[in-house]
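Read-outs throughout are calculated quantities, based only on the coordinates presented, and are distinct from any laboratory measurement. Values in this document were obtained by computation on a predicted structure and should not be read as measured data. Cβ atoms come from the backbone with ideal geometry, glycine included; neighbour counts cover every protein chain shown.
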Amino acid sequence: MSAGSGVPTVPHDASDGFPPALRVPAPLRPVAAIALGAIATLGYAPFGQWYLSVIALALLLGLAATTSWPRALGLGWLYGAAHFGTGVYWVYISTHVYGGAPAWLGASMAAGLATGLALFPAAVLALCVRLRLLAGVAGWLAFPALWVLAELLRGHYFFAGFPWLSLGELSLDTPLSRVLPLLGVHGAAWVVAFAAFGLFRIGALGDRRRRRVAAAWFLMPALTLLLPPPSAWTEPDGAPIPVALVQSDIRQEEKWLPAMRTEALVRHWRLTQEAWPTELVVWPEVAVTQPLHVLEPTYLADVGAQAAARNATVLLGVLVFEGEAHYNSVVTVGSSRGRYDKHHLVPFGEYFPIPDFLRPLMDVIGTPYKDFAFGAAGQPPLLVNDRRVAVSICFEDVFGDEVRRQARDAAYGVNVTNDAWFAHSSAPYQHLQFTRLRAAENGRWFARTANTGISALIDADGNVVQHTVQFRQATLRGTVEPRRGHTPYQLWGDWPLWIGMPLLALGAAAWRRRRS
């Protein structure tokens with residue numbers, strides 16, 4: 001404490017150089033943190049104002065830099081709760097509006113997810129302040145490393161992984177996307193966090209010379225312009241392949257109505273007729289509600305015969321019942337025959353990660369459920385007309401480290417999904433971003449078919465070449481380019497980050513300890 005004042009001093013030494021301008025009045029700091037969290041969401045789809053996310057994070061560092069670590073923990077949590085609350089609010093739509101959960105439970109699940117995810121940025125801020133890592137060389141090393149480490153942990157282990165709203169998503173449509181084939185989305189997050197820290201330091205430093213040094217470091221991410229684009233790591237492997245994406249536009253509220261059973265069959269058949277001639281027709285996730293064993297002897301036999309006569313393949317999402325096990329699967333009929341079972345299921349959507357003794361409570365609270373079975377790990381790519389195709393179903397394409405294992409041996413990728421679960425929310429736009437990230441990470445084209453949209457063809461640089469409009473029936477015809485070769489990220493995945501980020505953080509802490 002300062003003598004006779006009774007007011008705690010700010011926990012940093014004189015070399016930190018944080019000016020009084022950063023010391024926002026204490027009563028306003030929580031409000032500011034909440035506002036910054038909401039502003040940060042504007043950097044993501046469908047808004048796409050990436051610079052606002054960078055500025056918001058830099059200002060959050062300014063709030064935390066001149067306070068104690070418990071208060072920094074609270075500020076980081078408020079920021080995260082507002083950010084994830086405004087970013088993944090659509091969980092309420094999927095769980096309550098369409099999932100059958102009571103409103104209070106849907107709201108609780110959405111709030112619980114947001115507040116749980118908020119613990120990760122909170123922990124990063126608290127550690128940085130507690131260990132005095134927001135100054136000098138230590139800050140440049142520590143903050144980006146700790147942020148990426150937190151992203152890795154929540155992306156792999158928080159309820160089986162929830163990497164939504166990674167800073168690396170902001171790299172799309174910027175030169176930073178060139179980092180994606182090297183280090184994936186979390187590697188790009190490191191560069192974005194570095195830039196946010198640099199912006200914070202420029203504003204924090206009062207000394208003009210030190211501010212110029214910080215500005216020079218802040219401009220370091222511009223060096224990514226020297227990197228080749230994602231497509232440069234792979235090469236074409238034959239002529240473009242004609243494909244057609246069927247967007248059937250069956251709304252979630254009508255999908256399981258008895259009247260829709262026949263209508264869905266008729267609609268997919270009709271839209272497929274608009275696809276010919278083509279080599280591959282892709283239907284969305286669980287395109288029709290009847291399971292495979294019902295459809296296969298009649299309807300799918302006719303679809304397959306029609307495709308085989310044209311030397312084509314139809315790839316479709318379908319339910320597969322094997323005894324008591326129910327799978328969310330993709331099968332191919334026509335010139336190619338194969339099956340892929342969804343491996344990475346959605347917690348609280350496709351299965352409930354709760355002990356068996358608690359399951360009777362699901363009936364008490366009025367939540368219908370039936371767990372899907374997990375597909376086997378390490379399923380090989382499907383063969384479509386002698387080309388290997390990396391297939392993912394819905395939620396699976398948000399996991400870069402998983403998709404890259406299949407895509408490494410594939411000519412192109414296909415994602416099928418049913419984003420009708422999220423109605424007119426931001427989720428379908430956000431989900432499209434993940435497929436774009438996977439394309440850039442792997443240097444591969446991707447075809448993405450969504451029941452109500454957005455269906456799209458995405459090139460090897462992650463650019464959307466063609467797309468549909470949401471909530472319209474459509475058959476999108478185009479081509480995908482088969483490619484071969486490997487990006488560095490395909491070969492090593494997230495391992496360099498798992499090893500490098502802790503080492504950087506520990507090195508920064510050691511540096512800071514020697515300097516204090």
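The protection proxy used here, the mean number of other Cβ atoms lying within 10 Å of each residue, ranks peptides 27-38, 76-87 as follows, highest first: 76-87, 27-38.
For the Cα atoms of the chain, what angle does the longest principal axis make with the long axis of helix 50-65, in degrees from 0 to 90, nearest 10? It works out to around 40 degrees.
Listed values for region 402-414 are Karplus-derived 3J(HN,Hα) couplings in whole Hz (6.51 cos²θ - 1.76 cosθ + 1.60, θ = phi - 60°), namely 8, 4, 5, 5, 6, 5, 4, 10, 10, 7, 7, x, 9, and x replaces Gly and Pro. Here, P(r) means the percent of Cα pairs in each 10 Å bin from 0 to the largest distance; for region 56-161 it is 15, 41, 27, 13, 4, 0. With one equal scatterer per alpha carbon and no solvent term, the Debye-computed log10 I(q)/I(0) for region 60-108 at 0.16, 0.27, 0.32 1/Å reads -0.56, -0.89, -1.05. For the peptides 441-452, 288-299, 46-57, 239-250, residues were scored by their other Cβ atoms within 10 Å and the scores averaged per peptide; the highest-first order is 441-452, 239-250, 46-57, 288-299. With one equal scatterer per alpha carbon and no solvent term, the Debye-computed log10 I(q)/I(0) for region 119-266 at 0.10, 0.15, 0.20 1/Å reads -0.55, -0.88, -1.20. Sequence gap at least 6, Cα distance under 8 Å: using those rules, report the relative contact order of the chain to the nearest whole percent. That works out to 17 percent. Charge dipole (Cα centre; +1 on Lys/Arg Cβ, -1 on Asp/Glu Cβ; no other charges) of the chain amounts to roughly 2060 debye. Of the peptides 172-183, 100-111, 393-404, the ranking by mean beta-carbon count within 10 Å, highest at the top, reads 393-404, 172-183, 100-111. Extending 7 Å from the Cα toward the beta-carbon at both Asn311 and Arg339 defines two label points whose distance is 2.9 nm. Projecting the Cα atoms of Gly453, Gly493, Ala440 onto the charge dipole of region 433-516 (Cβ charges, centred on the Cα centre) puts Gly493 farthest toward the positive pole. Full extension of the chain between Val266 and Ala215 yields a length gain of 12.3 nm, computed as 0.36 nm times the residue separation minus the alpha carbon distance. Across region 68-80, computed HN-Hα scalar couplings (Karplus, 6.51 cos²θ - 1.76 cosθ + 1.60, θ = phi - 60°) run 7, 5, x, 6, 4, 4, x, 5, x, 5, 5, 4, x Hz from first to last residue, x flagging Gly and Pro.
Per-residue 3J(HN,Hα) values for region 264-276, derived from phi via the Karplus relation 6.51 cos²θ - 1.76 cosθ + 1.60 with θ = phi - 60°, read 5, 5, 5, 5, 5, 4, 5, 5, 5, 4, 6, 7, 6 Hz in sequence order (x marks Gly and Pro).
Its alpha carbons give region 186-291 an Rg and a Dmax of 26.0, 73 Å. Annotation: amide H of Val281 within the under-5 Å range of Ala244, Thr313, Val314, Leu315, sequence separation 5 or more or interchain, hydrogens built in the peptide plane. Between helix 208-218 and the chain there is an angle of about 20 degrees, using the helix long axis and the longest principal axis of the Cα atoms. For Arg388, the residues 5 or more places off, or on other chains, whose built amide H falls under 5 Å of its own are Ala411.
Region 217-295 and region 105-136 have Cα centres spaced 36 Å apart. The angle between the Cα long axis of helix 427-442 and the longest principal axis of the Cα atoms of the chain comes to about 90 degrees, rounded to the nearest 10. Taking label positions 7 Å along the Cα-Cβ direction at both Gln473 and Arg405, the computed distance is 4.0 nm, reported to one decimal. Modelled this way, with points 7 Å down the Cα-to-C-beta line, the labels at Ala107 and Leu503 are 5.0 nm from one another.
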